[in-house]
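A short worksheet on the structure shown next.
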Amino acid sequence: MGYFTMRIAQKKTTSEEPFYSLSRYGATVDVVEDWLQVLDDQNKVRVNTNQKLLSMSTGCFKVEKIVQLVFFCCEMLKLNEEAKYLAIELYDRFMTQHIWDLHNHVKCENSSNESKEDKWMDIERRVKAQMKLRIVSCCQLASKLISHYRVVTVRKAKTFLAQIDENYTSESILQSELRILKTLTFDLRTPSPLVYVEALLKAVALLLYTCSIPAAGYQC
């Protein structure tokens, strides 16, 4: 994993996104207020409708090594910052639900405990072996949600996987992407933390600039 860390550290940290002056090109106070309200409403809905996922230790797949690997994949696939954080969110949500489903499947089998343990160990090996494929599939989905011209195609994903010694057919890559979509019930509307941070920073900037944005009351 040290190799991935080194490659990421070598990348330029300057943003490619344009800077818009508050006084001329920036969002107006009304737009930012509406933006904050929408994010607040979305977050409340997500919390209220995903109590099961929240109780299943959502976030346990956001450990340092996995985040570094996701960032490395996104860097190599030339995805922007928003896609990086969205890919992490998708991977965490998928793996949490995926492991839960696999566990319930094994638990409900009519077999001995020893047989269940053997099957679970086999599942663990397969999940670990497929980790990089799943991460790249999440990067593909994130790229499609963020940009219309920097989409990670199956061909591009296949080439990248081959470069890191993970050889998959185009069909396998398509099936992996579909598996993630089905596991998440095609609900990819989870904003990344970066979206909330940028919204709050924009609100703070406008608050300092105009002294007219109410800072309290939001739960983003």
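Which pairs in the list LYS65/LYS202; LYS84/LYS132; LYS78/LYS128; LYS65/LYS128; LYS65/LYS156 are over 20 Å apart, alpha-carbon to alpha-carbon? Before the final figure, lay out the partial values.
Working: LYS65/LYS202 30 Å; LYS84/LYS132 15 Å; LYS78/LYS128 25 Å; LYS65/LYS128 13 Å; LYS65/LYS156 24 Å.
Violating the 20 Å limit, Cα to Cα: LYS65/LYS202; LYS78/LYS128; LYS65/LYS156.
Report Rg/Rh for region 138-195, rounded to two decimals, where Rg is the Cα radius of gyration and Rh the Kirkwood radius. Don't skip to the end; give the middle numbers.
Details: Rg = 12.4 Å, Rh = 12.4 Å.
Here Rg/Rh amounts to 1.00.
If you keep only loop residues by DSSP, which chymotrypsin sites (Phe, Trp or Tyr not before Pro) in region 131-186 have at most 11 other Cβ atoms within 10 Å of their Cβ?
Values: sites: TYR149, PHE160, TYR168, PHE186; in loops: TYR149, TYR168, PHE186.
For chymotrypsin sites (Phe, Trp or Tyr not before Pro) across region 131-186 that sit outside H, G, I, E and B with at most 11 neighbouring Cβ atoms in 10 Å, the list reads TYR149, PHE186.
Could you tell me the distance between the Cα centroids of region 91-132 and region 156-202, to the nearest Å?
21
Under 1.5 on a/c is rounded, so check that first for region 68-215, then, if it is not, pick prolate when a/b is larger than b/c and oblate when it is not; a ≥ b ≥ c are the square roots of the alpha carbon gyration tensor eigenvalues. Please report the intermediate quantities before stating the final value.
On the way: a/c = 2.95, a/b = 1.64, b/c = 1.80.
Oblate is the answer for region 68-215, as a/c is 1.5 or above yet b/c matches or exceeds a/b.
Between LEU194 and ILE164, take the C-beta separation as r, use R0 = 30 Å, and let me know the FRET efficiency to the nearest 0.05.
Numbers: r = 25 Å, r/R0 = 0.84.
With R0 = 30 Å, the Cβ-Cβ based efficiency is 0.75.
Going through region 55-157, which trypsin sites (Lys or Arg not before Pro) have at most 16 other Cβ atoms within 10 Å and a DSSP loop state?
On the way: sites: LYS62, LYS65, LYS78, LYS84, ARG93, LYS107, LYS116, LYS119, ARG125, ARG126, LYS128, LYS132, ARG134, LYS144, ARG150, ARG155, LYS156; in loops: LYS62, LYS78, ARG150.
Answer by residue number: LYS62, LYS78, ARG150.
What is the distance, in nm, between label points placed 7 Å from the Cα along the Cα-to-Cβ direction at ARG150 and at ASP122?
4.2
So for region 100-185, what are the equivalent ellipsoid semi-axes in whole Å, largest first, each being the square root of 5 times an eigenvalue of the Cα gyration tensor? Intermediate values should be presented prior to the final figure.
On the way: eigenvalues 188, 46, 14 Å².
In descending order, the three semi-axes are 31, 15, 8 Å.
A short reminder: the numbers here are calculations on the coordinates, not readings from a lab. Predicted, not measured: the structure shown is a model, and the values here were computed from it. Every residue, glycine as well, gets a Cβ built from its backbone with ideal geometry; the counts of neighbours run over all protein chains shown.
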